[in-house]
Amino acid sequence: MSKIKIAVIGATGTALKRTIPALQHSPLCEVAAIQGRSEEKLRAAAGQYGIPHYFLSPEEMLQTMGCELAFIGNPPFMHFESVKTALQYEKAVLCEKPLAVNYEEGLRIAGLVAENRGIPFGVAHHLRHQKAIADIKNWIESGEIGQVLNVWCQWGFFMKTGVPKAVWKLDSDKAGAGTFSDNGIHIIDLILYLFGPPQGLFGKSRKIRFNSTYDDESAMLVYEDKTVFLSASQSMDHPGNHLLIYGTEGSIEAFGGIGEASMERVELKNGNGAQNFTYEKENLYGNEVEDFIRGHLFAGERATVGTSLSDALTSLKIIDLIRESSIQDQYKAL
């Protein structure tokens, strides 16, 4: 079986830090070409990772290279044009999160995908793609802790303002209006995977260090039978970053399990006592690409666990409503 060839649009930022290194030893795919705006950075990246081709023009890359998959790794304000270009050349698309800067822009991208129905499309969220999360989902659905009543999930960190990406991340027109559009969207996506969309929410968005965007946000997602509390921050120096799930007959606790690395330990408590499950380190940023390939490009291998366009749009809608709820100080129905 030949490897799927990947062309990376916007390859010198997040994709260079995470995605390209994660695919170096993939048995399923290889990065065959990269595109960016700096020839110097592209040349260095190509040399470092043995990538045979680099381009300044995404159109030239997609037209020239016989790649089956376009990975879009540039900032969210560039996603619409990048998705449009990739679909024009009939490439399967895996787009870096968030899908767009807001829900309205996300709907515009959804329109492009609808116009090109049949071309595989997904959004890259790494937290779903690990055995620990598969186990947690199975325990929930099989009733290991009874009826889930309360969930708490956090992703906080302290964003350094001197790094290049901070320039666009602190621009609400380019990155979204705050931390739920950055690190926090991962935990929203995870909750959608585990529990589906809520009926509504209460939200609070604060400006702690920055005047341009909300760097500390929280939300309470309301379901018919459970409540989910979410916390995201770009100004939290010592975060816990836990996933905690409590039910009528037990609990699931992953302390320190939310972040860029895979979960190391999960504790399941129920009538059978406490069980500690430990996990080997996983290549999450490689997994998200390989799972997309298995689910969409290798017919019949297995269903993808990745983030669909529908889930990505729901995440954006939730984020917009969190900020509306904060401003108006009222409950928002989804």
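Just so you know, all these numbers are worked out from the coordinates, no wet-lab data involved. Note that the structure is a prediction, hence the values are computed from the model and not measured. FYI the Cβ positions are ideal-geometry reconstructions off the backbone, even for glycines, and counts take in every protein chain you see.
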Q. Taking H as built 1.01 Å from N, whose amide H comes closer than 5 Å to the amide H of residue 54, not counting residues under 5 places away?
A. 34
Q. Given [x] 0.96; [y] 0.94; [z] 1.02, which label gives Rg/Rh (Cα atoms, Kirkwood Rh) as computed from the coordinates?
A. [x]
Q: Starting from the amide H of residue 92, placed 1.01 Å from N in the peptide plane, find each other amide H under 5 Å away whose residue is 5 or more places distant or on another chain.
A: 70
Q: Could you work out the equivalent-ellipsoid semi-axes for segment 4-124, taking the square root of 5 times each eigenvalue of the Cα gyration tensor, largest first, in whole Å?
A: 23, 15, 13
Q) Mind listing the phi-derived Karplus ³J(HN,Hα) values for segment 74-91, rounded to whole Hz, using 6.51, -1.76 and 1.60 with θ = phi - 60°, and x for any glycine or proline? A) 7, x, x, 5, 9, 5, 4, 5, 5, 4, 4, 5, 4, 5, 4, 9, 6, 9
Q) Based on the alpha carbon coordinates of segment 1-69, what radius of gyration and maximum Cα-Cα distance (Dmax) apply, in Å? A) 11.0, 34
Q.
Please give me the summed charge of the neighbours of residue 195: other residues whose Cβ is under 14 Å from its Cβ, Lys and Arg +1, Asp and Glu -1.
A. -2
**Q.** Length-normalised contact order of the chain in % [C-alpha pairs under 8 Å, at least 6 apart]
**A.** 18
**Q.** Electrostatic dipole magnitude of the chain [Cβ: Lys, Arg +1; Asp, Glu -1; Cα centre; debye, to 20]
**A.** 500
Q | Calculated [θ] (222 nm, deg cm²/dmol) that DSSP helices of n ≥ 4 give over the chain, each run adding -39,500 (n - 2.57) | A | -9500 deg cm²/dmol
Q. Relative to the first principal axis of the alpha-carbon coordinates of the chain, what is the inclination of helix 309-328, with its axis defined by its Cα atoms, in degrees from 0 to 90 and to the nearest 10?
A. 60
Q | DSSP bridge pairs, the chain: antiparallel proportion in percent, nearest 5 | A | 55
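Mind running the shape call on segment 122-277? Use the C-alpha gyration tensor, a ≥ b ≥ c as the square roots of the eigenvalues: rounded below 1.5 for a/c, prolate if a/b tops b/c, oblate otherwise.
prolate
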